[in-house]
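S.K.: Dropping the structure in here first, questions after.
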Amino acid sequence: MPAEEKNKVIYISHPSGSSAEIALYGATVTSWKVDGTERLFVSKQAIRDGSKAIRGGIPLVFPIFGTKENIQLPQHGFARNSYWEYVGLINDNDDVSVRFTLKDTQLDQKLRNGWPHSFRLTYTVTLTAKSIKTVLGLKNEDEDTFEFNTLLHTYFHAPNIADVSVDGLKSLSFIDKVANGAKDSESRDQVTVSAEVDRIYCNVPDKLQVNFGKDSSIAIEKTGLKDTVVWNPWTDKAKAMGDFGDDEYHNMVCVEVGSVADWVKLGGGQSWTGGQTLTVL
Ligand code: TA6
């Protein structure tokens, strides 16, 4: 892909004034504005030269979540740090949709050796006045079944983390990565953040809501994805990330819909789809 293409960002706008930007690198949504306000968080120290995943927006996690012992792939897989092909504007009625694809043949050999399967990923981003819908389609182009994880690693901008709460997780079981993977269940009606949080909530209902205080909320409606991760690095982990400001944890929360607690199996020649719709309330 020519150098100037590599840094390409697709900019879309809606007649209502909402807008979004998607970097070809990782097909990462790097901006989503509604009513003139940026709803996503991208670190001021995010690296945008293609040397690592963009720290913020909506990075795509595929085909693994985290790292896996017997799979030689970077953390969270290769989707978020590969250059996707821009297919184009697929319709421009009242909604504005753009599409991207990633095929195994676009990957370097080391990655293909790490996960030796033929596949085609299709990613569609649809903008309306108050929402953005991001849907991933996967075709297994092998004859044999393969298994994968996937997740939309959404970084929401928060004016103040102290005002953030997440509705819809009560009584769900979760894996607490801050407590070395201990299993627990959520007792709170609203999940709030006042320390490092890194939890995989399992078998989560499809409707969640993130509240940012002062009557500002975003509804999340997921499809085809079982779990939801809630993450904030807080002080120590923030300091440990070179592409994240030491104090930026005050202004972000990750609420990430995905299927990561278990492998998703996909038969040869079969297709799978999953995604989310984020709506400003
Ligand atoms: O989704 C939460 C998480 O898995 C955290 O454990 C933390 O590692 C975060 O992702 C960011 O990972 P990254 O590889 O982007 O630094």
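Derivation of every value follows stated rules applied to the coordinates shown; laboratory data play no part. Everything numeric in this text was worked out from a predicted model, so none of it was measured. Note that each Cβ is placed from the backbone with ideal geometry, even for glycine, and that neighbours are counted across all protein chains shown.
S.K.: How many nm separate the modelled label positions at N93 and K130, each set 7 Å beyond the Cα in the direction of the Cβ?
M.R.: Result for the modelled spin labels: 2.0 nm.
S.K.: Still on this model: Roughly speaking, what is the stretch gain from N7 to T101, that is 0.36 nm per residue apart minus the C-alpha to C-alpha distance, in nm to one decimal?
M.R.: Gain on stretching N7 to T101: 32.2 nm.
S.K.: Where a ≥ b ≥ c are the square roots of the eigenvalues of the C-alpha gyration tensor, would you call the chain rounded, which needs a/c under 1.5, or, failing that, prolate if a/b is larger than b/c, or oblate?
M.R.: In terms of gyration-tensor shape, rounded.
S.K.: Do the alpha carbons of any pairs in K130/K226; K6/K103; K177/K237 sit beyond 19 Å of each other, and which pairs?
M.R.: The pairs that break the limit, which is 19 Å between Cα atoms, are K130/K226.
S.K.: What is the distance in Å between the Cα centroid of the stretch 221-281 and that of the stretch 98-116?
M.R.: Using only Cα atoms to place each centre, the spacing works out to 21 Å.
S.K.: How much length would be gained if the chain were fully extended between S271 and D144, taking 0.36 nm per residue of separation minus their Cα-Cα distance, in nm to one decimal?
M.R.: 44.4 nm
S.K.: In what sequence, highest mean first, do 151-157, 212-218, 115-121 appear when ranked by Cβ atoms within 10 angstrom?
M.R.: The most tightly packed comes first, giving 151-157, 115-121, 212-218.
S.K.: Okay, next question. Quick one: grab the alpha carbon gyration tensor of the stretch 92-218, order the square roots of its eigenvalues as a ≥ b ≥ c, and give me rounded if a/c is under 1.5, else prolate or oblate depending on whether a/b is larger than b/c.
M.R.: Cα axes put the stretch 92-218 in the oblate bin.
S.K.: Right, another one. For the chain, what is the relative contact order in percent, using Cα pairs closer than 8 Å and at least 6 residues apart in sequence?
M.R.: Reported relative contact order: 19 percent.
S.K.: Next up: Could you order peptides 129-136, 19-26 by the average number of other Cβ atoms within 10 Å of their residues, highest first?
M.R.: Per-residue mean Cβ counts within 10 Å order the peptides as 19-26, 129-136.
S.K.: If you don't mind, there's one more thing I want to ask. Using a simple spin-label model with points 7 Å from Cα along the Cα→Cβ vector, what separation in nm is obtained for R188 and T37?
M.R.: The modelled label-to-label distance comes out at 2.1 nm.
S.K.: Using a Gaussian network for the chain with springs between C-alpha atoms less than 10 Å apart, which of these wobbles most: D94, D246, D176?
M.R.: D94
S.K.: Okay, helix-only estimate at 222 nm for the chain: each DSSP H run of n ≥ 4 adds -39500 (n - 2.57), divide by all residues, round to 500 deg cm²/dmol; what do you get?
M.R.: Calculated from helices alone, the mean residue ellipticity at 222 nm is -1500 deg cm²/dmol.
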